[in-house]
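Novice: Take this structure, written in structure tokens, and hold onto it; I'll ask about it next.
The values are calculated or read from the model by the stated rules, or taken from the named source; none is laboratory data. These numbers come from a predicted model, not from an experiment. Here the Cβ is made from the backbone with ideal geometry for all residues, glycine too, and neighbour counts use every protein chain on show. Remember, those area values only see protein heavy atoms, side chains included, never the ligands or the DNA or RNA. Shrake-Rupley method; radii C 1.70, N 1.55, O 1.52, S 1.80 Å.
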Amino acid sequence: LLARADRLGLHHDRYWQTLLHYKQGFTGTHSLVDDPKFFLDPRGSHDPRAELHATVRSFFSTAPADTSAGTKSPICRFIARYTWLKDRLSIDEAKLPTSGCEEFEDLIEQIKPESATLIFPTSFVNSPASMYGLTLLTIETATKSKLLSYAINYSALTSGAAFAPFYIAKGLLGGYPGYFSILPYYAKLQEYSDVNDRDIWEYPLTLDRQEVLRLVMHTYEMESIYSDYKFFSENCSYDLLFLIEAARPSAQLTNRFGSWVIPLDTIR
């Protein structure tokens, strides 16, 4: 399987690069994900081939992907990677310790994702961190109820009080960890509309069911995984684009930005 992956050049494939958030920099390839739990190889953050090999090997292991990630098998922990590699390498599931992820399958059966929408709550003048607004995604389910859809948000964890200049500096330089979170959309509506009195714009995406499923898979992989949050670049708007690219890699949205990204740019 590893030899086949090398022949196909899968570590150069656009989808693999998207799932690992790889980008080209002055020093070569590197991932924008900073949490070491996200990588199965010590070199994984900057070596796509080594990480792909370690991922394939992990599927044949009976040990959890990481002790801090609970008891999930590597297949469960990296369901998007597994689904794609299983298809590209024609992996024989009969030779695997486990051939699926019951927890993820139960989740999909429960929410039945149907479509996705890009959400834009406008700016909030009482919060400098929201001076440009922000973006999030919602996953509409088979219930067809907008209020019962799930909101996917990427935000910085700024626990504890901080002296204002230090807070600003850390926000600009990536001093806070950023996490994806999933919660009911009605809770976000209450926060933005009722509490902060902000207008909310909704932009339905043209993703089909299979693409929405890939988006949910990658979101599931990013659970409890942090990246350094940077207010002007790797922020709530930019990192959400990786989820859309995981759904439709041909979009190549993240390549359109340099050192400055604001929500309105991603909406356009």
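Novice: Out of (1) open to solvent by 40 Å² or more (accessible area, probe 1.4 Å); (2) among the aromatic types (Phe, Trp, Tyr); (3) touching a Phe, Trp or Tyr at 6+ places or on another chain (Cβ under 6 Å); (4) modelled with pLDDT of 90 or more, the odd one out for PHE180 is which?
Specialist: Unmet condition: (1).
Novice: Hey, another quick one. What do you reckon, is GLU223 assigned to a loop (DSSP other than H, G, I, E, B), open to solvent by 40 Å² or more (accessible area, probe 1.4 Å) and in contact (Cβ under 8 Å) with a residue 12 or more places away in the chain?
Specialist: For GLU223, the condition - assigned to a loop (DSSP other than H, G, I, E, B), open to solvent by 40 Å² or more (accessible area, probe 1.4 Å) and in contact (Cβ under 8 Å) with a residue 12 or more places away in the chain - is met.
Novice: Follow-up. Please give the number of the condition PRO36 fails out of (1) open to solvent by 60 Å² or more (accessible area, probe 1.4 Å); (2) more than 16 Å from MET222 (Cα to Cα).
Specialist: All conditions pass for PRO36, except number (2).
Novice: Of the residues in the range 243-268, how many are part of a helix (DSSP H, G or I), touching a Phe, Trp or Tyr at 6+ places or on another chain (Cβ under 9 Å) and not charged (D, E, K, R)? Spell out the reasoning first.
Specialist: Taking the range 243-268 and keeping what is part of a helix (DSSP H, G or I), we get 243-247, 249-251, 254-256, 263-267.
If we keep only those that are touching a Phe, Trp or Tyr at 6+ places or on another chain (Cβ under 9 Å) too, we end up with 243, 245-246, 249, 254, 263-267.
Filter once more, keeping what is not charged (D, E, K, R): 243, 246, 249, 254, 263-264, 266-267.
Adding up the residues that qualify gives 8.
Novice: So which helices (runs of 4 or more DSSP H) stay within the range 47-150 end to end and still have 1 or more residues that are open to solvent by less than 50 Å² (accessible area, probe 1.4 Å), at pLDDT 85 or above and closer than 30 Å to LEU189 by Cβ?
Specialist: Because the criterion is at least 1 residues that are open to solvent by less than 50 Å² (accessible area, probe 1.4 Å), at pLDDT 85 or above and closer than 30 Å to LEU189 by Cβ, the helices (runs of 4 or more DSSP H) in the range 47-150 that meet it are 79-89, 102-111.
Novice: Same structure, new question: Can you tell me which residue in the range 234-250 is surrounded by the fewest Cβ atoms within 10 Å (Cβ to Cβ), limited to those that are over 11 Å from the mean Cα position of the chain (by Cα) and more than 15 Å from SER181 (Cα to Cα)?
Specialist: Looking at the filtered set, the residue picked out is SER250.
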